[in-house]
Amino acid sequence: MRSAAAAFGWEFHARHRWGMIGVVVYMIVLGAVKLVVIARGIPIYLDSGESFAFVVMVPLTATATYFLAAFTFGLDGDLAARQSMYPLRRLTLPVTTNALTGWPMVYGSAAMIVLWLVLRTFGIWPAGVEVPWIWPALLAVSLLAWTQALTWMPYPLPGLRIIALVIWLGTIDMIALLGLHFKAGEWLMIGILAPQIPLAYIVARFAVSRARQGEMPNWRHPFASLAQVGHVSSGRRFRSPAAAQAWFEWRRHGRALPAWVAILLPYEMVLFWAAGDSKSLVFTILIAILITPPFVATFAAAAVSTSSSNAGDSSGTTAFVATRPLTDAELVAAKLKMAIRSTLVAWVVVLVSVPIALEWSGASTLVIDGWDRVRDFMGISRAVVLSLLILIACIAATWTQLVQSLYIGLTGRASLIKATVFLAIGFFVLFGPFFEWIADSGRLGEVWSALPLIFSALVAAKMIAVVWIGQRLFQRRLVSDIALFTGAAAWSLTVLSLYGVLEWVLDAPHIPRYLIMLVAILLIPLARLSAAPIALASNRHR
Amino acid sequence: MTQTAPVIEIANLTRRFDSRTALEAVTLSIPRGSVYGLVGANGAGKTTLIRHVLGLLRAQSGSVRVFGLDPVADPVGVLSRIGYLSEENDLPGWMRVEELIRYSRAFHPAWDDDYAEELRKSFALEPGAKVKTLSKGQKARVGILIALAYRPDLLVLDEPSSGLDPIVRRDILGAIIRTIAHEGRTVLFSSHLLEEVEQVADHVTMINKGRIVLSAPLAEIREAHRVDGHVPSLDEIFIARVGMSAAAAES
């Protein structure tokens, strides 16, 4: 390796080899589908929004996000920290600051441009749609360049980097959306976006230069007294070791979900003002708001599921955590409690802010009107219970999203975690087209008829897993007999309660009762949660 | 467990990581009230042995008993009586010193607030300082504080002095001395800085490539290696022993 450029390139290749191979394989498949299948004139109907999203947009957006993380070195650093995320080791390399700044930008930009060209060439179905060639590529490059600049910059306050990223990248996105909305010409968009790239380079170079000189502004002193508000004095004792561990988990992982929900909500709620008198739009926004916490929880779960106390260490367990004099079940219980608290705080944010936004924007009249219709149709008691059921389901889904992958994450086996992520992505990518194929081929009726059989098979699989897990919990003494019995009783009671409520609310004689019971059994989590102590034990005592 | 029973009892412990043998038929008995030095080159198996004592590794063959208990089956019973300081010093960087003290205190009913405060002051640790802002030496001191403040029955130190300046190393040795000042308490510490081991250990076990090559009271080892009235240092004995072991392995 004779040059800094080659060394940088080699390091990116070595570090992200498998990720890049995955991306290239996907691009080849996408290309093959378009070049071979479509060129032969075999019709492929991928013109619905869902299919296009699942086959093209979701994988390519995930790839773009991966590129952003890889080429900013964001996979290593702490986004909320004050110090630059540019790796310290690289800052000491005997190369110029221009090279340190420029080469990651060049490689990242090249990757983004290739990604866009592949999407433009192979991902647009049908091919006749007018999609510009140049400015979307410039948009992708400028987003990457600004992300690099803003992540490499040292900040005077913790968390400021996240705010800067959200505001600035949101502004660039807004420009693009406005361009699309007003059908701006290609040259106008190029004129707006092209200067972003050298500007971002100048800012990034300044950031790397400051990081290299160890300069980091500090505005924390004026905020020090504020930080002490709510700071628990060392004199106050925890009630128990379990309470101390729950506090540890809350401080480590619990605040991310409410914080992200609080950041995203204003962007969604501002749409109430844009919705005007459109009832359907208001309800669409409400649905989007309701699914925001479970959606964000899916990502927050990645951090919750780690057994380590260090953010960067995604697998394995640190000796500090592993040597806490707590049982494996108590360590897992602390995570579950933290997830409950995190979920409740996130939902308090939603439940307080949404009515205010509805009232303030005037959209509340549309919501009240909609509610009146539901009440008239179902009756007041059923409408109230159904609404509460939906709310509880959303809250429960948020909590479930946070904790359902514990049984994978706590194993600390990086290969297992990655394989599960790929399987999940694969499932979601295939599910949309598969469902659409069923709908298009007129087989929905057959699937509906087969639902009892499908649900029965799923329940049988769940029960087999539960028995297997229960045996291991008992044999390894990971959970006490009383806890096992109490857990089973609580689960049974919850399932029966849900069954009763569903049976009463649905009030549909054509839906068999056993089907409702099967649904209730499948909805209440058991197997994966119960497996979490086994996963942690295998990691903690290797 | 009786007062005379060993604190740590390891029998025929073997551990393999894939094809590499980290520990080979290790048998060890650490009596109550002793200062036990575990010495060996980097990668000899010291940390692997300590991780078995803490229950962080499950014995593949053989057995490990600490206070008569299996540390894997009963982590609470074992870990609540152990003070542990690791070479990695992986204390959570986001905690303030006072938060770490408050958090650690919750796990140990015998936590001595006065003693903790005395240690904090003598180590000059700011209560409001975040752990991640501390120097390596200060982090080691915080680690000593939370390992000592509940006066554990067993203090386990894994390469505690590695990369630290002489003043912090003195504090660590002081911690060992403080611990043994309390009757019946036991110290197991691993190090490749043999002069430190010589200063405080009363029993030394040398480990090389996962095998115990020598295990005896320090005074006995010195006496056994005396040549023409010259008592060799532990460094010299170690080099001689490990050299012999390597030669035996080759032959």
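Beta bridges per DSSP, both residues in chain B: antiparallel share near 55 percent. Which shape class applies to the range B:1-119: rounded if a/c is under 1.5, otherwise prolate when a/b exceeds b/c and oblate if not, where a ≥ b ≥ c are the square roots of the Cα gyration tensor eigenvalues? Cα axes put the range B:1-119 in the prolate bin. Compactness of the range B:133-237 is given as radius of gyration and Dmax, 15.2, 53 Å, from Cα positions.
Modelled label positions at A:I425 and A:W360, each set 7 Å beyond Cα in the direction of Cβ, lie 3.8 nm from each other.
Across peptide B:127-133, the average count of Cβ atoms from other chains found within 10 Å of a residue's Cβ is 1.
Pair-distance distribution of the range A:238-403: all C-alpha pairs, bin width 10 Å, starting at 0; shares per bin in whole percent are 10, 32, 28, 17, 11, 3, 0. With both labels modelled 7 Å from their Cα along Cα-to-Cβ, the A:D440 to B:Y115 distance reads 7.4 nm. The order of the peptides A:82-92, B:68-78 by mean Cβ neighbours within 10 Å, most packed first, is B:68-78, A:82-92.
Shielding by partners for peptide B:51-60, expressed as the average number of C-beta atoms from other protein chains within 10 Å of each residue's C-beta, is 3. Only helices enter the 222 nm calculation for the protein assembly as shown: every DSSP H run of n ≥ 4 contributes -39,500 (n - 2.57), and dividing by all residues gives -20000 deg cm²/dmol, rounded to 500.
Remark: mean inter-chain Cβ contacts per residue of B:96-106 equal 5, using a 10 Å Cβ-Cβ cutoff to other protein chain atoms.
Taking all Cα pairs closer than 8 Å and separated by 6 or more residues, the relative contact order of the range B:89-152 comes to 53 percent. Each peptide in A:286-297, A:174-185 gets a packing score, the mean of other Cβ atoms within 10 Å over its residues, and the list from highest to lowest is A:286-297, A:174-185. Highest mean first, the peptides A:143-151, A:10-18 sorted by other C-beta atoms within 10 Å per residue fall in the order A:143-151, A:10-18. Over the range A:339-418, one equal point on each Cα, no solvent: what is log10 I(q)/I(0) by the Debye formula at q = 0.19, 0.24 Å⁻¹? For the range A:339-418, the Cα-only Debye profile gives -0.94, -1.14.
Shape call for chain B from the C-alpha gyration tensor, a ≥ b ≥ c root eigenvalues: rounded (a/c under 1.5), prolate (a/b greater than b/c) or oblate? Verdict is prolate for chain B. Per residue, the convex hull spanned by the alpha carbons of the protein assembly as shown comes to 225 Å³.
Among beta bridges identified by DSSP and lying wholly in the protein assembly as shown, the antiparallel ones come to about 55 percent.
What percentage of all Cα-Cα pairs in the range B:89-152 are separated by more than 18 Å? Of all Cα-Cα distances in the range B:89-152, 24 percent exceed 18 Å. Taking trypsin sites (Lys or Arg not before Pro) across the range B:161-236, the ones in a DSSP loop with at most 12 further Cβ atoms lying within 10 angstrom of their Cβ are B:R226. Net charge within 11 Å of B:K209 by Cβ-Cβ distance, Lys/Arg positive one each and Asp/Glu negative one each, not counting B:K209 itself? That sum, taken over residues with Cβ under 11 Å, equals +1. Look at the alpha carbon pairs under 8 Å that are at least 6 residues apart: their mean separation over the length of chain A gives a relative contact order of 14 percent. Taking every alpha-carbon pair under 8 Å whose residues sit at least 6 apart, chain B reaches a relative contact order of 24 percent. Rounded, prolate or oblate, given the Cα gyration tensor of the range A:445-542, with a/c below 1.5 counting as rounded? The shape class here is prolate. Note on A:H510 and A:W10: with the Förster distance fixed at 60 Å, the Cβ-Cβ geometry gives a FRET efficiency of about 0.40. By a straight-distance test (C-alpha under 30 Å), which lysines pair with B:K121 as possible cross-link partners, with residues fewer than eight away in the same chain excluded? B:K121 reaches B:K130, B:K132, B:K136, B:K139.
Every read-out reported here was derived from the displayed coordinates using simple, explicitly stated rules and does not represent laboratory data. It should be emphasised that the depicted structure is a prediction, and the values quoted were computed from it without experimental measurement. Neighbour counts are summed over all protein chains in view; Cβ atoms, including those assigned to glycine, are modelled from backbone coordinates with ideal geometry.
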